[in-house]
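The values are calculated or read from the model by the stated rules, or taken from the named source; none is laboratory data. The structure presented is a predicted model; accordingly, all values stated were derived computationally and were not measured. Every residue, glycine as well, gets a Cβ built from its backbone with ideal geometry; the counts of neighbours run over all protein chains shown.
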Amino acid sequence: MNAVLKKSPPHGSPGTSAHPSSAGAAAANAAAASFAALTDSLDYLDAPSIELVRQAYRYADAAHLGQLRNSGEPYITHPIAVAAQCATWKLDAQALMAALLHDAMEDCGVTKSDLIDRFGSPVAELVDGLTKLDKLQFDTREENQAESFRKMLLAMARDVRVILIKLADRTHNMRTLADMPRSKWGRISSETLEIYAPIAHRLGLNQTYRELQDLSFRHLHPWRHATLSKAIQKSRNRRRDLVQKVQLDVDNVFAKMGMKVRLAGREKTLYAIYQKMEQKHLSFAQVTDIYGFRVIVPTVTDCYTALGILHQMYKPVPGKFKDHIAIAKLNGYQSLHTTLVGPSGVNIEFQMRTEEMHIIAEAGVAAHWLYKAQDTEGKAAERLGTKWLQSLLDIQNETRDAAEFWDHVKVDLFPDAVYVFTPKSQIMALPRGATVVDFAYAIHSNIGNSTAAAKINNEQVPLRTELKNGDVVEIITTPAATPNPAWLGFVRTGRARSKIRNYLKTLAHSESEGLGEKLLAQALRAEGLEQLPPTNNENQPIWDKLLRFTGSRTRSELMTDIGLGKRIASIVAKRLMVLMAEHGHRPNALLMTRERYTSHETVSQGGLTLDGSESASVQYAHCCRPIPGDAIIGYLGRGEGLVVHVSRCVVAQRLQHKDSERFIAVDWADEPTRLFETGVVVTVSNGKGVLAQVAVELANAEADITHVDMDDEVAMDTIDLRFVVAVRDQAHLETALRNLRRAPSVLRASRILPSE
């Protein structure tokens, strides 16, 4: 469905002229457009509140002056009708003021700040919330999208009064839909049926829910509606005597039992009958439970007593009993339901409920205000308010003070989700606190992996930006982009976290595989063979036997294990040499001599050149933090890959004493590709601003500070500041140390190395 949730305006554009056919029509229009049309509904408010509503009416009347609806009525009649509907739910003065002003920002150029100045922030926020809902677009008819859209509307309405006013607005628009061009009936009715009626049901507003369904049905399928309406009228005439007889019999039985009950007839709505016929492929004659009664009693115990009495009067239909009192519906609805076989074999449904349950069943979330208006002490309202907060609104923060209901609680119907749009108007549901990167991975892991930048509502934003309800999010990708390990610090969804980790792990394994291949090739040269045997049919038996020897499943796994230090390259190379010799390969004695004896005598494997681009497969030890210019040595830790130490590092020397076969010769490339971190300790005279002085000297030397630590003893005369700085090489470090030693407050400055 290509629908836009925006009145356009709903019934007539501003400035449209109309000519009422008579003076009587003009008088009727004037009466409908006056505040008097609303006055009778406001008797539950105090005088100051009514005056506030009157001021909002005058402001809205002036703002909409000269605007007419398609029917020819002044446009203000629509806000008045919306406010009147809200008044039937006994909403507070702020909500009624917002109902009167709800089109002012959209159609009349009134700004939010204008409303704040005139009526205060709460009313302006309600109107602003309604205006934002009107701007949302619903561009697809898929059922899951309709459900997501309903949730988005509810999530965006941080105050449930926004949704109630919106439903009142839509109800009046549907009541006057006949004034609209017939070409718009289908779109507006489908939208109402798919979006707004289910929201009314979610909030327990059953009367509004049924009315929206039937009005939509009437305009969506006029012929079916008319045919079904005639059939029900005939049925009603035929069964009037039967229904009256049942009502009389039930009244008499309860009177004899001395039970105080109120009996009300109930008829299934046209749309409900139509749905049942469609879903179960029934004819109208086969739909038997059209009629029903509500038995309203004083207490919950009376509900169950009434059920027993009715089951003695009429035979119950098996499987047609439901206890919604013990297990209430999600929207707070409670009643006992049973279907009985009445006179002439006609099935009749009975619903047993208390007065409080009846108010909730009919008015849903609005019952909070309705019940408060009837209960002067406020105790029942407090209990009811709490019940809604816990069961209907599913909110995490509850309040037991109904009087402060709106002051302290922002009602969020879906507190754990945020709903956003893709640029193509698809809706994505993500956990609250989700970021742009979470959104990218929710679309597809390839999109997430290649995310370079993002826009929200057409504005460039950082990738860590948290999403808000209604945001339109666009991800900008480039083939060169890759996941950043820093993303793990702010993503919220498990999907994004696992995809980023998997990518980094795969990358590390890929680099370890490359390192392992280099090490094995180097070790094989020390055995006298120039290169590894290629993986072809001729050499496959050699590789198969080598894999059986090492216990690896694939060649890739073997190389990764060597790169991670799980296998010793020289041992694997010796075994590979034996296997190759069996297949006729002969070692080169000159190559063997040169490779074996040009390396350091304590190093058992071949060497590697490092330039800093090795990423996860090579780590630079934190104990000594080597930098270009240092004499270095490589240690193949078990499962850690290659760890590079300064040759004189005491940690490396201890490891070499225990595990000499795991060391390989490494050296720096002529031009390293990045900066390297190393430790510096600076002893200073304790005083004000010394840390800033030291930081300035390091900055002047172009040495980046990545970490700083200091002694806890702040009262001492001297203090040690320990820095981790990033430098190009030894010469760059010496320049930084010289700068530091020239500073007046610095007593000593030196590099940190592991002590003996």
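Assigned to a strand (DSSP E or B), closer than 27 Å to GLN653 by Cα and either more than 49 Å from the chain's Cα centre (by Cα) or of a type in the set (D, E, K, R) (or both) - does that describe any residue in region 703-724?
The answer is yes; a qualifying residue exists.
Out of the residues in region 521-549 that are among the charged types (D, E, K, R) and part of a loop (DSSP other than H, G, I, E, B), which is farthest from LEU608 (Cα to Cα)?
First, the residues of region 521-549 that are among the charged types (D, E, K, R): 525, 527, 530, 538, 544-545, 548.
Keeping just the survivors that are part of a loop (DSSP other than H, G, I, E, B) gives 527, 530, 538.
Working: GLU527: 17, GLU530: 16, GLU538: 30 Å.
Checked region 521-549; the qualifying residue farthest from LEU608 (Cα to Cα) is GLU538.
Which residue out of PHE405, PHE414 is among the aromatic types (Phe, Trp, Tyr), modelled with pLDDT under 50, over 15 Å from VAL491 (Cβ atoms) and assigned to a loop (DSSP other than H, G, I, E, B)? Outline the logic, then answer.
Values: PHE405 fails: assigned to a loop (DSSP other than H, G, I, E, B).
After applying the criteria, what remains is PHE414.
It is to be established whether one or more residues within region 95-104 are in contact with a strand residue (DSSP E or B) (Cβ under 9 Å, 6 or more places away or on another chain) and buried (at least 20 other Cβ atoms within 10 Å of the Cβ).
For region 95-104, residues in contact with a strand residue (DSSP E or B) (Cβ under 9 Å, 6 or more places away or on another chain) and buried (at least 20 other Cβ atoms within 10 Å of the Cβ): absent.
Looking at GLU557, GLU538, GLU527, which is the one that is free of Cβ contacts under 8 Å to residues at least 12 places away in the same chain, surrounded by 16 or more Cβ atoms within 10 Å (Cβ to Cβ) and more than 28 Å from TYR441 (Cα to Cα)? I'd like the intermediate steps shown before the answer.
Values: GLU538 fails: surrounded by 16 or more Cβ atoms within 10 Å (Cβ to Cβ); GLU527 fails: free of Cβ contacts under 8 Å to residues at least 12 places away in the same chain.
None of the others qualify; the one that does is GLU557.
Show the residue pairs meeting these rules: Cβ distance below 6 Å; 6+ apart or different chains; first residue within region 439-462 and surrounded by 13 or more Cβ atoms within 10 Å (Cβ to Cβ); second residue of a type in the set (S, T, N, Q) and assigned to a loop (DSSP other than H, G, I, E, B).
Hits for this filter: ALA452/THR478.
Given the criterion closer than 26 Å to ILE360 by Cα, basic (Lys, Arg) and in the same structural domain as SER183 (by TED's automatic domain parsing), identify the matching residue among ARG210, ARG294, ARG262. Please lay out each step first, then the result.
Values: ARG294 fails: in the same structural domain as SER183 (by TED's automatic domain parsing); ARG262 fails: in the same structural domain as SER183 (by TED's automatic domain parsing).
Unique residue meeting the criteria: ARG210.
Which members of region 430-477 meet the condition of being more than 30 Å from LEU130 (Cβ to Cβ), part of a loop (DSSP other than H, G, I, E, B) and either of a type in the set (A, V, I, L, M, F, W, C) or at pLDDT 90 or above (or both)?
The initial filter retains those residues of region 430-477 that are more than 30 Å from LEU130 (Cβ to Cβ), namely 437, 440-441, 443-453, 462-464, 475-477.
So of that shortlist, the ones also part of a loop (DSSP other than H, G, I, E, B) come out as 444, 450, 462-464.
Once the filter is applied, which keeps residues that are more than 30 Å from LEU130 (Cβ to Cβ), part of a loop (DSSP other than H, G, I, E, B) and either of a type in the set (A, V, I, L, M, F, W, C) or at pLDDT 90 or above (or both), region 430-477 yields SER450, LEU463.
Select, from ALA665, ALA695, ALA699, ALA669, the only residue that is surrounded by fewer than 17 Cβ atoms within 10 Å (Cβ to Cβ), among the aliphatic types (A, V, I, L, M) and over 47 Å from the mean Cα position of the chain (by Cα). Working first, answer last.
Working: ALA665 fails: surrounded by fewer than 17 Cβ atoms within 10 Å (Cβ to Cβ); ALA695 fails: over 47 Å from the mean Cα position of the chain (by Cα); ALA699 fails: over 47 Å from the mean Cα position of the chain (by Cα).
Unique residue meeting the criteria: ALA669.
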